[in-house]
Amino acid sequence: MLRLTDLKLPLDHPAEALPNAIRAKLGIAPAALRSFTVFRRGYDARKRGAIALIYTLDVEVADEAALLARHADDRHVQPTPDTSYKFVAQAPAKLEHRPIVIGFGPCGIFAALILAQSGFRPIVLERGKAVRERTKDTWDLWRKRNLHPDSNVQFGEGGAGTFSDGKLHSQIRDTQHHGRKVLAEFVKAGAPEEILYVSKPHIGTFRLVTMVENLRASIEALGGEIRFDQRVDDLLVETDAQGERQVRGVRLADGGELRSDHVVLALGHSARDTFEMLHARGVYLEAKPFSIGFRVEHPQSLIDRARFGPQVGHPILGAADYKLVHHGKDGRSVYSFCMCPGGTVVAATSEPGRVVTNGMSQYSRNERNANAALVCDIRPADYAPYGEGPLAGIALQRHWETHAFHMGGGDYSAPGQRVGDFLAGRASRAVGEVQPSYKPGVHLTDLSTALPDYAVAAIRAAIPAFDRQIRGYALPDAMLTGVETRTSSPVRIRRNDDDLQSLNTHGLYPAGEGAGYAGGILSAAVDGIRVAEAVALSITGERTES
Ligand code: FAD
């Protein structure tokens with residue numbers, strides 16, 4: 001099989017244009033092309049009015065070796081790589097201790113799935129509830145302002161990305177094609193087939209709920225167990241005479257203990273109490289950079305027009321997204337993040353008395369507003385006014401989330417402001433054309449005190465710069481709500497590069513977003529696979545490769 005990359009065709013090309021283009025590219029007669037499949041389809045929208053589709057294709061031809069030789073200098077004609085998943089180890093017949101996975105977000109799900117598929121019958125401990133009950137609790141905050149601290153947007157079956165846009169692209173280096181395994185398992189669990197080939201796949205929140213249940217059923221069918229309402233509150237660690245630390249199990253919130261020498265920490269970025277526990281137990285953690293800012297909402301039609309021009313509404317294109325970066329003179333960067341076309345802004349706190357924003361969409365992406373985080377990068381040196389040590393970033397997050405809660409009126413409404421007023425430095429008194437979508441509500445105010453001064457200044461400088469890239473971005477009626485503080489983990493739980501175990505605690509496998517090794521659903525799932533492989537190799541006594 002040959003892989004052809006970067007084959008460009010106009011957006012509205014007829015079906016036969018694709019085989020014709022393949023034949024022309026390879027210089028072969030019609031009969032020599034036996035079959036082809038689309039591996040990836042993206043688009044290039046840089047030229048408004050002339051959007052091109054860009055294909056990666058897998059092609060079966062009559063004389064592959066001769067064609068490869070003829071195109072030896074063309075990097076767009078190569079043998080198709082083998083992207084099938086290969087298990088690294090199988091569980092021994094007598095398994096002494098089943099591995100434990102803490103957390104059932106994308107990272108924990110895929111760690112558990114791979115372990116289950118390799119016969120290790122993992123036990124997953126998840127502090128939140130099964131996804132249907134969790135959905136009710138999450139809506140209880142959005143509709144009635146009741147927060148459930150262990151069952152919300154951040155915590156519960158499916159993890160943080162369950163109520164999301166379900167975007168599945170990632171920029172990680174994935175030489176072993178683990179991302180392909182994740183997408184294939186998602187399709188088996190009910191995701192649309194197209195996620196296998198469109199360049200920026202998304203699933204939307206409704207389907208994610210069913211998929212998560214199906215993935216759970218697959219793990220259980222293979223002897224794994226998923227236990228809900230099981231918050232891990234402590235680690236059992238033994239230290240030998242040489243000072244070497246080995247994990248021996250976990251202690252649960254109800255006092256129960258579970259023994260295992262292999263514990264995966266797939267906690268997500270909001271498990272602040274668990275980070276505190278790990279720090280107190282001496283597990284090596286360090287502060288890590290992340291970003292803070294606001295959510296911004298525009299009419300989706302404005303973004304569509306700016307990005308697609310006269311080709312707006314084409315079914316292949318769907319609702320337009322964007323990705324923007326502005327590097328300020330003071331060295332701060334402001335960028336758009338987690339953009340949700342045709343979606344809504346959601347209340348994403350997991351702690352009482354705090355307000356946090358995030359975004360989600362349905363698969364159809366047909367709500368009126370486009371939303372995205374508009375965030376400024378911050379580094380450990382910025383955390384000093386709020387605390388010290390590896391947890392200082394959490395202290396910063398808590399400070400501004402509490403402040404946002406009070407600015408919003410103390411009832412989980414988010415503080416909000418029109419972009420025009422934010423740029424002019426005056427409080428908003430009324431919303432305009434853009435109705436903010438955040439539930440349970442938005443309290444209009446002046447956001448200039450909602451974040452540290454440097455972040456407010458950086459975002460003020462970035463909006464006009466973004467307006468030069470997307471006309472109308474600085475629309476005075478566009479809405480800002482805040483605060484957006486959970487962009488990635490404020491800590492890194494450092495691990496060795498070779499066996500993926502904690503720097504100072506053997507048998508402990510920090511993984512996914514919370515440990516600082518992923519950012520997003522796909523990369524967290526891929527990291528879950530890597531860590532599951534490391535656990536499998538450790539249990540069977542084989543070595544891990546980095
Ligand atoms: P998480 O998904 O956070 O899962 C961690 C799990 O661990 C949680 O279920 C938690 O309850 C559990 N846990 C924590 N502490 C304990 C404990 N002590 N004991 C037991 N269980 C515990 N990413 C994308 O790629 N695309 C998107 O469109 C997207 N949209 C998002 C929208 C929203 C509203 C949010 C909040 C996030 C979004 N993200 C998105 C980010 C994405 O969800 C995360 O990057 C991803 O979920 C990280 O996966 P994870 O498994 O590492 O952690």
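General remarks:
- So Val283, is it within 15 Å of the ligand (Cβ to nearest atom), part of a loop (DSSP other than H, G, I, E, B) and in contact with a Pro (Cβ under 9 Å, 6 or more places away or on another chain): yes
- Answer residue from region 218-227, given it is crowded, with 20+ Cβ neighbours inside 10 Å and not in a strand (DSSP E or B) and is farthest from the chain's Cα centre (by Cα) among those: Gly224
- Unmet requirement for Leu215, which otherwise passes all of (1) in contact with a helix residue (DSSP H, G or I) (Cβ under 9 Å, 6 or more places away or on another chain); (2) surrounded by fewer than 20 Cβ atoms within 10 Å (Cβ to Cβ): (2)
- Residue that is surrounded by the most Cβ atoms within 10 Å (Cβ to Cβ) [pool: residues in region 195-212 that are within 16 Å of the ligand (Cβ to nearest atom) and within 16 Å of Arg41 (Cα to Cα)]: His202
- Some residue of region 61-73 being closer than 30 Å to Gly309 by Cα and basic (Lys, Arg): no
- Qualifying residue in region 325-332 (condition: outside any loop (DSSP other than H, G, I, E, B), under 19 Å from the mean Cα position of the chain (by Cα) and under 25 Å from Gly441 (Cβ atoms)): no
- Per-region count, region 333-362, residues part of a loop (DSSP other than H, G, I, E, B) and surrounded by fewer than 17 Cβ atoms within 10 Å (Cβ to Cβ): 2
- Only one of the listed residues (Glu433, Glu484) is of a type in the set (Asp, Glu) and within 15 Å of the ligand (Cβ to nearest atom). That residue is Glu484.
- Across region 448-460, the qualifying residues are those that are surrounded by 19 or more Cβ atoms within 10 Å (Cβ to Cβ) and not β-branched (Val, Ile, Thr), and the one among them that is nearest to Ala306 (Cα to Cα) is Ala458.
- Residue that is farthest from the ligand (Cβ to nearest atom) [pool: residues in region 231-278 that are within 29 Å of the chain's Cα centre (by Cα), surrounded by fewer than 17 Cβ atoms within 10 Å (Cβ to Cβ) and of a type outside the set (Asp, Glu)]: Arg251
- Only one entry of Asn371, Asn358, Asn366 meets the criterion of being among the polar types (S, T, N, Q) and within 30 Å of Ala15 (Cβ to Cβ), and that entry is Asn366.
- Per the listing Ser448, Ser538, Ser523, the residue uniquely modelled with pLDDT of 95 or more and within 16 Å of the ligand (Cβ to nearest atom) is Ser523.
- Summed over region 140-185, the residues that are among the acidic types (Asp, Glu) and in a loop (DSSP other than H, G, I, E, B) give a count of 4.
The values are calculated or read from the model by the stated rules, or taken from the named source; none is laboratory data. Remember, predicted model here, so these are calculated numbers, not experimental data. Neighbour counts run over all protein chains shown; Cβ positions are idealised from the backbone, glycine included.
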